[in-house]
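> Following this message is one structure expressed as structure tokens.
The values are calculated or read from the model by the stated rules, or taken from the named source; none is laboratory data. Everything numeric in this text was worked out from a predicted model, so none of it was measured. Ideal geometry is used to build each Cβ from the backbone, glycine not excepted, and the neighbour counts take in all protein chains shown. Just the protein is used for accessible areas: all its heavy atoms, side chains included, with ligands, DNA and RNA removed. Shrake-Rupley method; radii C 1.70, N 1.55, O 1.52, S 1.80 Å.
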Amino acid sequence: MRRLLRALLVALAAVIASACDPCSGTVGCEVESRVSYTGKVIDFASGRGAPGVVVRFRPTGGGPVAADSLVVVTDAEGRYTLRVGAPAGAPVTGELTVAPPAPLEPYTVRDVRLVPTDVRGGGGVLPTYVTQPYVDYVAELIYRRSGGPLAYSTVTFTRTGGARLARGDRAVTQAGVDGWFYLEAPVVGADTVVGDLSVKYYEFARPLEIRGVRLPVRYTDRLPELDRSFRIGNALDYTVEIRSRATRQPVVGATVEFRRSGGLALQQPTYVGRTDLNGQLVLALTPLSEAPGEVVGDITVRPAGPEAPFVIRGVRIRSYDGDELPFLGVLGIGYQVLAAGELVFRGDRTPLSDVEVEFERTGGLATREPRVATRSLADGRFGFALETDSVGQVVGDLLVRVPGDAQPTRIPGVRLRAADDDSVRFMGRFGLGAQLLYVGQLQQRATGAPAAGWRVTFRRTGGIALVRDTVSAVTVDWGGFELAPPTRAVGEVEGELTAVGPDGGAPVRLGPVRLRTAADDSVRFAGRWNVGPSLLYVGELLTDAGTPVVGARIEFRRTGGIATAEAVVGERSNAAGRFRLAPTPLASGAVVGDLHVFPPAPLRDTVIANVRLETFDGDEVRLRDVWRLPLPR
């Protein structure tokens with residue numbers, strides 16, 4: 001009532017102000033063209049005129065005016081007049097800043113439009129502004145399940161952004177018997193106030209939240225009016241679209257039944273509807289409570305034609321609190337194969353793009369079309385869609401027609417799975433053409449154990465061209481490494497292999513290797529190479545007369561130098577007087593030890609001190625020395 005009375009007084013004041021002009025009501029009483037507007041600023045709380053308020057108008061566009069800005073101060077009744085010369089017929093737009101005395105803060109109203117006039121007594125009246133911006137938000141709450149008002153519910157608004165509420169960021173009010181509530185509060189700043197509404201109602205186990213509510217900020221004195229209606233409570237209304245997997249077309253006029261099997265309880269466990277010309281219908285499910293969650297059920301689609309009903313099981317629908325009608329999705333009916341594959345050229349692993357690919361059924365489930373064809377994309381991928389009558393497996397061959405090839409490449413025995421869903425299943429990666437696909441193996445020379453962590457490099461020296469003349473790989477735990485230089489040629493390539501140990505150091509030459517392309521995906525074995533330090537020595541025992549010492553037991557006992565796996569190694573001399581002298585080195589360098597010789601009688605036991613064995617990289621066996629034992633005299 002107070003706001004209505006205030007608005008009437010403002011309108012009356014405008015009439016009185018215009019009547020006081022000397023040329024009021026006189027047609028054709030012309031004067032120099034000008035902008036002339038009167039206005040009033042009132043106190044927000046009392047509605048009385050606010051004296052001493054600075055009002056500033058700054059032009060930002062439109063026609064020219066005789067001043068960069070107009071600044072006036074309200075009189076004792078809060079009135080002011082903006083007047084400045086301006087050509088007729090050129091409206092002026094600008095910003096109006098209202099700056100009340102402290103502690104209130106100024107605010108700016110944008111896009112204010114003033115129209116010049118050359119009629120004496122002409123001009124306009126600006127809206128009545130308040131000393132402080134405010135919100136007066138009116139909304140109604142409707143209970144979604146019943147359609148009636150949420151009478152006497154408690155509403156709490158909590159600001160989350162935008163302009164600040166002058167009395168704190170929280171405001172509480174109560175809805176009336178009609179479900180309407182009113183929020184009025186002064187505001188600091190000119191932006192929209194953003195926040196969340198919390199609604200408490202006696203039937204709700206918990207308050208319901210409405211997030212992101214925007215309260216418009218008012219600058220002028222106005223009568224409140226309804227801003228928005230809120231429907232409150234859990235909703236399970238969704239739009240769903242039914243399409244045939246065989247034709248990809250909407251299923252029109254089908255009877256659709258949703259039957260709850262779990263999750264949220266519903267007022268009615270079954271809902272039945274019919275699809276429209278777009279294959280769509282609204283599933284209007286009504287929850288039995290306000291508890292959030294999901295309802296789970298099966299959707300049975302009964303087409304209008306002779307097709308058998310189709311059941312989509314385990315459809316999950318999540319509740320929400322909002323006025324929008326969300327889209328549940330497109331549900332397909334029928335059985336199908338949705339399969340994707342990939343084509344690559346074996347030689348360099350690049351995609352085979354824009355290649356014709358055909359699937360020819362040879363067994364398994366029957367399909368509507370025995371053959372389907374497509375073309376591969378830029379990444380070499382392709383896909384097929386086949387209609388079947390049930391779930392199962394379709395068997396067939398792929399025929400790939402590469403430009404320039406005389407005959408298509410046939411890939412037999414491809415198995416595709418038919419399902420009652422829309423999942424795309426990967427049928428495989430298929431290689432065409434010839435390739436170099438080898439593995440090799442490194443082992444420790446001294447022990448025969450796998451040599452892991454070595455970097456092996458292949459460097460082309462002849463034969464067919466490669467995409468890259470040098471390729472490298474690191475050996476894995478079993479000492480294996482890939483040897484697959486990329487190529488687009490067919491034939492044989494020659495190269496050299498080198499290897500570098502895990503700790504770095506100089507490359508070790510492994511030797512030459514020859515590789516031949518093959519038009520399949522079999523992995524071939526390139527060879528096995530030994531790496532690491534070796535102590536493969538032999539010694540020889542002779543008498544001083546030059547005859548071999550046969551059957552002597554010889555032991556090498558380490559006394560210094562690099563570590564070896566054994567502290568003592570021993571062997572008996574053979575018919576030539578020779579014996580192995582090969583401790584297992586654990587590093588590169590030299591090992592030092594004493595050679596203990598226990599010959600058969602009549603020769604005497606002998607110790608040969610400080611025998612030095614140097615490691616070397618190679619698989620040859622080296623003669624360390626020839627030692628002579630004296631015959632008894």
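> On alpha carbon coordinates alone, what is the Rg over Rh value for the range 35-175, Rh being the Kirkwood radius? Mind showing how you got there, number by number?
Details: Rg = 20.1 Å, Rh = 17.8 Å.
On the Cα set of the range 35-175, Rg over Rh gives 1.13.
> Further question: Quick one, which of [x] 93, 42, 29; [y] 64, 48, 24; [z] 61, 25, 23 is the actual semi-axes √(5λ) of the Cα gyration tensor in Å calculated for this model?
Identified label for the calculated read-out: [x].
> Hey, another quick one. Quick one: ranking 476, 394 by accessible area, 1.4 Å probe, largest first, what do you get?
The residues order as 476, 394, largest area first.
> Using alpha-carbon positions, what is the distance between the centroids of the range 560-581 and the range 41-102, in Å?
Result: 111 Å between the Cα centres.
> Within 13 Å, Cβ to Cβ, of residue 279, how many net charges do the neighbouring residues add up to if Lys/Arg are +1 and Asp/Glu are -1?
Neighbour charge sum, excluding residue 279 itself: +2.
> With a sphere of radius 13 Å drawn around the Cβ of residue 329, what net charge do the other residues whose Cβ falls strictly inside it have (Lys, Arg +1; Asp, Glu -1)?
Once all neighbours under 13 Å are counted, the net charge is 0.
> Follow-up question, since we're still on this one. Kindly write out, for the range 135-147 in residue order, the coupling ³J(HN,Hα) from the Karplus curve 6.51 cos²θ - 1.76 cosθ + 1.60 (θ = phi - 60°), rounded to whole Hz, with x marking Gly and Pro.
10, 9, 9, 10, 9, 10, 10, 10, 6, 4, 5, 9, x
> Around residue 498, under 15 Å between beta carbons, what's the net of Lys plus Arg minus Asp minus Glu among the other residues?
Working: positive: 455, 459, 460, 509; negative: 469, 494, 496, 617.
After counting each charged neighbour, the total is 0.
> Continuing with the same structure: May I ask you to rank 529, 478 by accessible area, largest first, using a 1.4 Å probe over the protein chains only? Intermediate values should be presented prior to the final figure.
Details: 529 35, 478 120 Å².
Highest to lowest solvent-accessible surface, that is 478, 529.
> Here's a follow-up. Which whole-number percent of Cα pairs in the range 240-395 have a distance greater than 24 Å? Display every interim value, and only then the final one.
Details: 6180 of 12090 pairs.
The proportion of pairs with Cα distances above 24 Å equals 51 percent.
> Quick one: order 282, 414 from most to least accessible surface, probe 1.4 Å. Could the numbers behind the result be given before it?
Values: 282 60, 414 10 Å².
Per-residue accessible area, sorted high to low, gives 282, 414.
> If you line up the Cα atoms of the range 271-349 on their principal axes, what length do they span on each, largest first, in Å?
That works out to 64, 37, 22 Å along the principal axes.
> For the range 163-254, treating each Cα as an identical point scatterer without solvent, what Debye log10 I(q)/I(0) comes out at q = 0.11, 0.21 1/Å?
-0.52, -1.21
> Could you tell me the distance between the Cα centroids of the range 442-502 and the range 317-374, to the nearest Å?
The range 442-502 and the range 317-374 have Cα centres separated by 40 Å.
> If you don't mind, there's one more thing I want to ask. Taking a probe of 1.4 Å, how large is the accessible area per residue of the chain, in Å²?
50 Å²
> Quick one: accessible surface of residue 69, probe radius 1.4 Å, all protein chains present, in square angstrom to the nearest 10.
50 Å²
> In sequence order, what are the phi-derived ³J(HN,Hα) couplings for the range 612-623 according to the Karplus relation 6.51 cos²θ - 1.76 cosθ + 1.60 with θ = phi - 60°, rounded to whole Hz, with x for glycine and proline?
For the range 612-623, the Karplus-derived couplings read 10, 10, 9, 6, 8, 9, x, 9, 6, 9, 10, 7 Hz, x marking Gly and Pro.
> Round to a whole number: what % of the accessible area of the chain belongs to carbon and sulfur, probe 1.4 Å?
Carbon and sulfur together cover 51 percent of it.
> Normalise the Debye intensity by I(0) for the range 393-450, one equal point scatterer per Cα, no solvent, then take log10 at q = 0.15, 0.21, 0.28 Å⁻¹ and round to two decimals.
Normalising to I(0) and taking log10 leaves -0.69, -0.95, -1.17.
> Translational diffusion coefficient, Stokes-Einstein: compute it for the range 542-633 using the Kirkwood radius over C-alpha pairs as Rh, at 4 °C and 1.567 mPa s, and state it as an integer in µm² s⁻¹.
93 µm²/s
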